[in-house]
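What follows is calculated from the coordinates using simple rules that are stated; it is not laboratory data. This structure is a prediction, so every number in the text was calculated from the model and none was measured. Here the Cβ positions follow ideal geometry from the backbone for every residue, glycine too, while neighbour counts run over all protein chains shown.
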Amino acid sequence: MHLQRPLRVSCFAACLILTALCAALPAAAQTAAQTVPQTAAADIVFRNATVMTASHGTILKGSVWVYAGKIAGVGITVDAPASATVVDATNMWLTPGIIDPHSHSALDSDINEATSPVTPSMHMIDAFDNRSADLYRALAGGVTTELLLHGSANMIGGQAVVIKNKFGFDRDAMLFPNAPGSIKFASGENPKRVYGSRDQLPSTRMGNFEVMRMAFEDAKHYMADWDAYDAKVKKGDKDASVPKRDLKLEALADVLRGKLYVQIHCYRADEFLTEEAMAHEYGYKIRAFHHALEMYKVAEKIAADQTAIATFSDWWGFKDEAWDAIPWNAVMSMRKGVKVALKSDSDDHIRRLNSEAGKMVHYGGATEDEAIRMVTLNPAWIIGVDDRTGSIDVGKDADLVLWNHDPLSNYARAQKVYIDGDLFFDATLPGLGTTHFNGVMHDGGGFGSDDEEDGQ
């Protein structure tokens with residue numbers, strides 16, 4: 001404790017360090033970004049790598065050919081042109097980019113609109129700060145795609161934003177093109193604590209679900225009014241009265257129409273079942289439960305609805321809802337048919353999601369292929385971009401990470417990180433490498449926060 005104390009109390013010095021980083025890193029990253037016009041259509045071939053495809057096993061001494069930002073070939077050999085740039089990956093591992101399906105990075109403190117328990121018209125893109133050093137830290141950990149979610153103060157929160165971690169680019173260039181929309185729900189302790197402390201509904205779990213039901217009842221009436229208006233217009237009724245546009249109800253109507261993926265912060269087994277029952281009642285589909293620490297108790301029932309989970313590897317006991325958490329939850333749930341992803345919910349853990357996946361081999365005996373899928377292909381499915389990223393397959397985006405050790409090992413460090421075939425992180429570049437940068441990040445460890453304490 002004494003050794004860390006100066007790091008936590010020397011806020012002025014720490015702020016100077018972080019300010020310097022934020023100013024310097026975008027410029028440094030832009031150096032790589034400036035090469036995009038030259039590299040976007042170039043051929044790159046990785047040779048002699050241990051290729052962990054995440055979809056069809058591991059290829060020893062394999063090759064991957066990248067052309068125009070896409071994966072053009074995968075195998076022991078590939079038919080790349082002789083002019084291709086060759087990356088010698090001998091004694092190295094190549095994986096898909098790590099994908100975090102539950103992040104609050106680069107959103108500053110703007111993650112909870114805690115003025116109302118129902119705020120579906122909020123958009124996290126409006127809070128996204130593409131200059132945040134959190135993004136570079138994640139990039140240094142091999143993270144290429146993130147789902148940036150609203151917090152969990154609200155029963156129905158705001159709409160998420162999906163980014164590709166192209167640090168140094170402007171905001172719009174970091175958005176994942178045409179990624180499906182997601183919206184964050186939450187049930188349990190957080191909403192009832194936030195609003196109960198204000199003597200406002202909801203203050204109980206009963207209140208949580210009553211608030212949700214009333215919100216969807218209002219949305220149904222809103223949809224009915226617009227459907228009736230549209231029907232009149234189609235019949236040529238020029239005097240039809242246009243219903244009032246309500247952004248909150250319009251967003252909820254999009255949930256009922258299936259236009260938004262529903263991502264739900266939820267811990268307890270009984271609440272998984274209640275949430276699924278409500279989804280059946282109102283006709284929407286839950287894409288994933290997030291946290292989901294008691295999923296092992298009801299996994300077979302949830303698997304039947306094809307609802308995935310984005311969970312922690314081995315967090316437990318940090319709040320009342322986590323007392324029954326076990327580190328075997330992920331693998332037990334997977335064995336019962338649930339699609340399982342691991343996520344960070346932390347600007348610190350996001351840098352080590354590969355190690356979190358490695359824990360799954362220990363806790364439950366997941367195979368290496370199953371473990372690597374938990375931080376690549378499965379979270380890509382939760383976000384709805386698994387047809388474009390998350391595995392090393394021909395036609396997919398060339399989001400790739402080259403590691404110096406088995407990525408499921410604590411010794412592994414990302415050496416090169418590519419997004420759409422362009423190099424965005426290189427540990428060998430002076431001033432940009434992980435040795436130098438991680439040294440600074442370690443000193444700034446006190447800047448991290450426990451997301452759950454903030455209702456995230």
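A convex hull fitted to the Cα coordinates of the stretch 205-261 yields 78 cubic angstrom per residue.
Simple rule: put +1 on each Lys or Arg Cβ and -1 on each Asp or Glu Cβ in the stretch 88-186, find the dipole, and look at THR119, SER152, HIS102; the Cα lying farthest toward the positive end is HIS102. Here the calculated FRET efficiency for VAL361 and TRP316, from their Cβ-Cβ distance with R0 = 25 Å, stands at 0.85, rounded to the nearest 0.05.
Projected label points at MET206 and VAL233, each 7 Å from Cα along the beta carbon direction, are separated by 4.3 nanometres.
Counting charges near ARG137 (Lys, Arg +1; Asp, Glu -1) among other residues having Cβ under 11 Å from its Cβ returns a value of -1. Per-residue ellipticity at 222 nm computed for the chain from its helices equals -10000 deg cm²/dmol, with DSSP H segments shorter than 4 residues left out and the rest contributing -39,500 (n - 2.57).
The value given for the stretch 53-133 is a Kirkwood hydrodynamic radius of 17.0 Å, derived from the mean inverse Cα-Cα separation. Between the alpha-carbon centres of the stretch 142-193 and the stretch 285-361 there is a gap of 18 Å.
In terms of surrounding Cβ atoms within a 10 Å radius of their Cβ, SER346, SER109 rank from fewest to most as SER109, SER346. Helix screen, the chain: DSSP H segments with Cα axial length of 18 Å or more and mean Kyte-Doolittle hydropathy at least -1.0 are 11-33, 205-234, 269-282. Residue pairs exceeding 32 angstrom between C-alpha atoms, taken from LYS70/LYS259; LYS61/LYS396; LYS164/LYS234; LYS285/LYS396; LYS61/LYS164; LYS164/LYS359: LYS164/LYS234. Antiparallel beta bridges, as assigned by DSSP with both residues in the chain, represent about 50 percent of the total such bridges. Shape class of the stretch 97-388 from the Cα gyration tensor (axes a ≥ b ≥ c, square roots of the eigenvalues): prolate, since a/c reaches 1.5 or more and a/b is larger than b/c. Note: relative contact order over the chain, using C-alpha pairs below 8 Å and six or more positions apart, is 19 percent.
Here the Debye sum runs over all C-alpha atoms of the stretch 238-333 as equal scatterers in vacuum, and log10 of I(q)/I(0) at q = 0.18, 0.20, 0.24, 0.25 Å⁻¹ comes out as -0.81, -0.94, -1.18, -1.25. The charge dipole of the chain, taken about its Cα centre with unit charges on the Cβ of Lys, Arg, Asp and Glu (plus for the first two, minus for the last two), comes to roughly 440 debye. Where in the stretch 175-191 does the label zone of ASP225 land, with the point 7 angstrom along Cα→C-beta and an amide N cut-off under 17 Å? What the label zone holds, given the 17 Å backbone N cut-off, is no residue at all.
Judged by the mean number of other Cβ atoms found within 10 Å, the most tightly packed of the peptides 401-407, 64-70 leads the ranking 401-407, 64-70. Shape class for the stretch 151-240: oblate, because the ratio a/c of the largest to smallest gyration tensor axis (alpha-carbon atoms, square roots of eigenvalues) is 1.5 or more and b/c is at least a/b. Between amide H atoms placed 1.01 Å from N, distances below 5 Å from PHE424 occur with VAL417, TYR418, ILE419, all of them 5 or more places distant or on a separate chain.
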